[in-house]
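This report refers to the structure that appears directly beneath it.
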Amino acid sequence: MTEEGIVGEFLTLKDETDADLLAMQCGDFYEFFAEDAELVGEELDLKVSQKSSHGSSYPMAGVPLSELTAYLKVLVERGYRVAVADQYEVDGGHERAIERVVTPGTLLETTETEARYLAAVVEAGGGYGFAVADVTTGRFHATELDGDELLTECYRFGPAEILPGPDLRADDGLVEQLRATDATLSLHATEAFAPGQARQAVEGQFGAAAVSSVGLDDATAAIRAAGAVLSYVDDTGVGVLASMTRLQPYDTGDSVALDVTTQRNLELTATMGEGGHSLFDVLDHTVTSAGGRTLRERLCRPIQDEGELARRADCVEALAGAALARERLRETLGEGYDIARLASKAVSGSADARDLLRVHDTLVVLDDVAEVVESPELGDSPLAGVVERPDRAEAETLATELADALAADPPAGVREGGLIRQGYHDELDDLIEGHEAALDWMDGLAEREQSRLGITHLSTGRNKTDGYYIQVGNSETDEVPDDYDEIKSLKNAKRYTTEELAEREREIFRFEERRGDLEHELFTGLRERVAEHAELLQDVGRALAECDTLSSLAVHAVENGWTRPELVVSGIDIEAGRHPVVEQEVEFVPNDLTLAAEREFLLVTGPNMSGKSTYMRQNALIALLAQIGSFVPARSARIAPVDGIYTRVGALDELAQGRSTFMVEMSELANILHSATEDSLVILDEVGRGTATYDGISIAWAATEYLHNEVRAKTLFATHYHELTGLTEHLDRVANVHIAADERNGEVTFLRTVEEGPADRSYGVHVADLAGVPGPVVERSQDVLAKLRAEKAIEARGSSGETVQTVFDLDSASFRGSASADGGQAADGNAETDGTVPAVESVVEALRTTDVAETSPVELMGKVERWQEELDDER
Ligand code: ADP
């Protein structure tokens with residue numbers, strides 16, 4: 001192949017693939033040409049040179065063979081699909097062909113501990129067929145989803161790559177939403193999604209019986225998605241199809257509904273802003289990556305099955321009570337490797353001898369783990385059942401075979417021998433013996449020749465070009481005997497060979513080759529047998545991961561004084577509960593919560609920053625933790641399992657993204673009102689804030705009524721609309737609680753305790769004071785506030801510090817007043833001012849009339865800045 005022809009060949013191969021990039025092997029390098037070269041030059045910081053071809057010049061960039069994997073990983077993790085064309089020797093020349101396409105969802109060489117999912121979605125009568133696979137561990141799930149559930153599941157799994165079915169690709173809105181999950185969307189052949197072909201793929205992989213035995217027989221949409229995943233994996237040539245040992249159907253109805261917003265709001269696995277810790281961050285004490293994956297999955301998928309919850313909690317309880325066994329268990333687990341991933345490597349043929357040794361070591365770990373788990377300290381717990389799930393006898397047989405076959409410290413390469421233990425194979429033993437003897441002869445040669453010839457500066461060596469040689473220093477070259485043939489002259493020495501040396505050299509090379517070949521053959525056979533046990537290895541991986549996850553929960557429970565929640569038939573009753581993340585950061589003031597038949601809806605009031613959000617999230621998290629089988633941060637907790645947790649909390653992140661807060665808020669509210677049931681837990685933090693006051697109150701009011709009367713969900717609703725606290729008069733299962741604050745000498749101290757009854761509404765102004773709002777503004781605000789209260793016909797009883805009872809009558813004129821009522825009050829407020837300096841007055845006026853919902857954050861900042869300047873000038 002001429003140099004010019006290489007670019008031509010590259011461009012032809014590039015035309016054959018729809019991958020984004022092509023890496024083509026040229027001897028010891030993989031080369032990228034033309035646009036691809038420029039792109040990888042940029043992405044990988046590679047030097048781009050020019051290659052001329054047919055009178056044109058093309059950019060060219062290359063990476064050494066041994067480093068391709070590392071570079072591919074970076075490209076693929078950035079969302080590119082890279083085709084790889086390997087070079088083959090054929091009759092003295094060579095050919096190149098694309099053997100595989102590495103894509104984000106099929107990248108086997110990942111070092112991340114998190115799962116790496118590939119998903120496919122098809123549309124079916126308003127719902128979706130959904131299949132998701134982790135090729136690195138062979139996990140494979142398929143299900144059918146309602147319209148709303150698709151995004152929830154996409155966020156739960158967080159696939160690296162999604163294959164949208166043909167019927168979905170025209171739905172721009174959905175495509176955009178799928179893209180927003182950070183997945184790469186790849187177009188896979190339309191036929192692969194067709195019912196007939198997809199079913200064939202699925203039955204071909206798992207058998208027709210397997211499909212009906214898992215209840216997917218009539219789930220055509222799920223089968224279509226599953227078939228597309230299988231055929232895509234096959235097409236990419238990653239070679240892991242056989243590691244997909246079973247198709248696990250799952251039903252989202254088993255788990256607690258946790259929509260995308262809630263997963264984010266509760267900061268389960270990631271925080272909403274920069275910094276801080278997610279629930280997973282503080283809870284994770286796992287010692288293996290598979291254990292970490294399982295914990296993460298469970299946090300995102302709480303369940304309702306009380307039997308399973310009790311089983312998990314029994315395990316956590318046993319582990320929490322057995323300190324020594326627990327530590328021994330964790331130490332033992334830490335000695336294992338990610339065996340499900342090793343199984344995928346074995347299946348794809350990329351595992352080396354060290355990987356197989358790791359498989360062996362992990363199988364041994366299973367036995368050691370079983371021993372700890374079956375010890376008297378833990379023996380009565382269901383933990384013993386966990387390690388009994390994999391076929392222990394089969395595991396032991398495989399471990400023994402690996403121990404017998406593998407050398408103790410094999411090299412990373414699989415071609416040069418040293419992989420197989422002596423005593424495993426007779427012919428190999430003979431080869432090893434002959435090889436070692438020849439090497440021994442070679443080792444002793446220098447010494448023998450020194451004493452035979454009396455030459456001191458004589459040594460032996462081996463390199464690629466000269467093979468084995470005898471080297472003599474220039475001062476003594478006169479003394480070499482006649483049978484020494486000079487093969488090379490160096491600056492200070494000469495190199496020689498002899499007939500006998502050449503003969504031994506040939507012998508060693510022969511041994512090396514035959515030993516390398518035979519060992520490689522034996523090793524490949526061994527790897528294939530490991531691959532045949534992929535299902536066993538996955539079972540072992542799951543069992544060890546579960547032990548790790550449960551121990552991690554036990555460690556956290558013990559270290560933080562958590563208790564086992566009691567699952568009851570109705571209500572939620574938490575005594576001295578804490579927020580699992582915040583309690584790590586501050587001295588936490590514990591709080592109680594009672595939601596019972598007669599009080600299902602709590603209105604939570606209190607000044608800003610008093611702890612309303614924390615209180616509500618803490619309770620949602622306690623319910624969630626109880627439903628992954630964990631202990632919870634509370635003195636005691638009695639919880640009736642919920643079927644869904646819905647939140648509407650804060651809108652800061654959306655604000656930062658420039659999305660309309662009010663629109664987002666309302667669509668989240670709509671989703672909750674549609675989806676929640678009487679067994680759900682609903683957390684609402686400020687509803688209606690993003691619009692004019694009266695609109696806001698009206699929406700909040702109506703939403704409360706609907707949740708209370710129609711949905712009957714267990715609800716915690718924090719609001720700054722004090723008017724709503726009067727709802728207790730109208731709705732019988734609503735109760736008021738507030739976060740206590742103490743006001744002395746005009747200073748507010750947050751007590752963080754939750755108490756019955758509504759909050760005193762005057763704290764807002766004090767908080768402004770605390771936050772550093774200039775004194776005159778605070779004083780003026782107090783004036784204005786007093787005036788407004790009087791005007792709004794709000795009945796306030798008692799002085800500051802006592803309970804202020806607000807009665808808000810739906811039919812009263814003040815409620816029906818439109819936004820213009822605001823303006824009228826503002827004007828009245830101004831008319832009565834006296835003795836106030838003009839700047840303060842104008843700032844207060846501006847402050848009151850600014851429509852927050854209509855003003856962008858940046859504009860608001862500008863306004864505040866200007867007000868501050870005005871006030872400063874006044875001083
Ligand atoms: P709000 O929603 O009322 O504005 P937050 O829930 O955001 O208030 O809480 C404000 C701050 O108070 C948080 O930084 C939190 O760390 C702290 N906090 C909240 N509740 C407690 C508590 N029970 N004990 C200690 N600190 C708390």
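Mind counting the residues in region 12-28 that are surrounded by fewer than 16 Cβ atoms within 10 Å (Cβ to Cβ) and either modelled with pLDDT of 90 or more or more than 30 Å from residue 189 (Cα to Cα) (or both)?
Total meeting the criteria: 4.
With respect to residue 636, is the statement that it is within 14 Å of residue 575 (Cβ to Cβ), at pLDDT 95 or above and among the small types (Gly, Ala, Ser) true?
Criteria met by residue 636.
Which residue is farthest from residue 299 (Cα to Cα), if the candidates are limited to region 611-623 and must be near the ligand (Cβ under 6 Å from one of its atoms) and among the small types (Gly, Ala, Ser)?
Top of the filtered list is 611.
If you go through region 98-111 one residue at a time, do you hit one that is over 30 Å from residue 536 (Cβ atoms) and small (Gly, Ala, Ser)?
No.
Got at least one residue in region 38-49 being more than 30 Å from residue 189 (Cα to Cα), among the hydrophobic types (A, V, I, L, M, F, W, C), under 33 Å from the mean Cα position of the chain (by Cα) and not in a helix (DSSP H, G or I)?
yes
Which one of the conditions (1) buried (at least 17 other Cβ atoms within 10 Å of the Cβ); (2) over 30 Å from residue 429 (Cα atoms) does residue 561 fail to meet, given that it meets all the rest?
Of everything listed in (1) buried (at least 17 other Cβ atoms within 10 Å of the Cβ); (2) over 30 Å from residue 429 (Cα atoms), residue 561 misses just condition (1).
Of everything in region 551-572 that's part of a loop (DSSP other than H, G, I, E, B) and of a type in the set (A, V, I, L, M), which residue is farthest from the ligand (Cβ to nearest atom)?
Among them, the one singled out is 569.
Table: residues versus (1) over 25 Å from residue 39 (Cβ atoms); (2) in contact with a strand residue (DSSP E or B) (Cβ under 8 Å, 6 or more places away or on another chain); (3) in a loop (DSSP other than H, G, I, E, B).
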site	(1), (2), (3)
100	no, yes, no
112	no, no, yes
115	yes, yes, yes
120	yes, yes, no
128	yes, yes, no
131	yes, yes, no
141	yes, yes, no
154	yes, yes, no
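Is it true that residue 575 is open to solvent by 10 Å² or more (accessible area, probe 1.4 Å), away from the ligand (no atom under 13 Å from the Cβ) and either in contact with a Pro (Cβ under 9 Å, 6 or more places away or on another chain) or not in a loop (DSSP other than H, G, I, E, B) (or both)?
When the stated conditions are applied, residue 575 passes them.
Could you please tell me which pairs satisfy a Cβ distance under 7 Å, a separation of 6+ or placement on different chains, a first residue in region 257-271 that is over 15 Å from residue 182 (Cα atoms), and a second residue that is open to solvent by 30 Å² or more (accessible area, probe 1.4 Å) and part of a loop (DSSP other than H, G, I, E, B)?
257/643; 271/277
So which residues in region 511-567 are in contact with a His (Cβ under 7 Å, 6 or more places away or on another chain) and either without any contact (Cβ under 8 Å) to a residue 24 or more places away in the chain or of a type in the set (Ser, Thr, Tyr) (or both), if there are any at all?
Listed by number, the list holds a single entry, 552.
Considering only region 395-423, state which residues are in a helix (DSSP H, G or I) and over 36 Å from the mean Cα position of the chain (by Cα).
404, 405
If I ask for residues that are open to solvent by less than 40 Å² (accessible area, probe 1.4 Å) and in a helix (DSSP H, G or I), which ones from region 311-328 would you list?
Scanning region 311-328 gives 312, 313, 315, 316, 318, 319, 320, 325, 326.
If you check every pair at least six apart or on different chains, which have Cβ atoms under 7 Å apart with a residue in region 581-600 that is without any contact (Cβ under 8 Å) to a residue 24 or more places away in the chain and under 16 Å from residue 640 (Cα atoms) first and a residue that is away from the ligand (no atom under 16 Å from the Cβ) and part of a strand (DSSP E or B) second?
594/573
Which one of these does residue 244 not meet: (1) within 17 Å of residue 124 (Cα to Cα); (2) of a type outside the set (Lys, Arg); (3) open to solvent by less than 30 Å² (accessible area, probe 1.4 Å); (4) at pLDDT below 90?
Single failed check for residue 244: (1).
Find the residue count for region 583-599, including only residues that are charged (D, E, K, R) and outside any loop (DSSP other than H, G, I, E, B).
4
Of all residues in region 593-610, which are more than 14 Å from the ligand (Cβ to nearest atom) and touching a His at 6+ places or on another chain (Cβ under 9 Å)?
Once the filter is applied, which keeps residues that are more than 14 Å from the ligand (Cβ to nearest atom) and touching a His at 6+ places or on another chain (Cβ under 9 Å), region 593-610 yields 600, 601.
Does any residue of region 289-308 turn out to be over 30 Å from residue 528 (Cβ atoms), open to solvent by less than 50 Å² (accessible area, probe 1.4 Å) and part of a loop (DSSP other than H, G, I, E, B)?
yes
Restricting the search to region 594-609, which residues are within 23 Å of residue 749 (Cβ to Cβ) and either surrounded by fewer than 24 Cβ atoms within 10 Å (Cβ to Cβ) or at pLDDT 95 or above (or both)?
608, 609
Name the one entry in 580, 590 that is closer than 23 Å to residue 682 by Cα, within 13 Å of the ligand (Cβ to nearest atom) and open to solvent by less than 10 Å² (accessible area, probe 1.4 Å).
The conditions single out 580.
Looking at region 329-336, can you tell me whether even one residue there is within 29 Å of residue 267 (Cα to Cα), open to solvent by less than 10 Å² (accessible area, probe 1.4 Å), under 26 Å from the mean Cα position of the chain (by Cα) and of a type in the set (A, V, I, L, M, F, W, C)?
yes
The values are calculated or read from the model by the stated rules, or taken from the named source; none is laboratory data. Model, not experiment: these values are computed from the prediction. When we count neighbours, we look across all protein chains shown, and the Cβ atoms used for this are built from the backbone with ideal geometry, even at glycine. Side chains included, ligands, DNA and RNA excluded: accessible areas come from the protein's heavy atoms. Shrake-Rupley method; radii C 1.70, N 1.55, O 1.52, S 1.80 Å.
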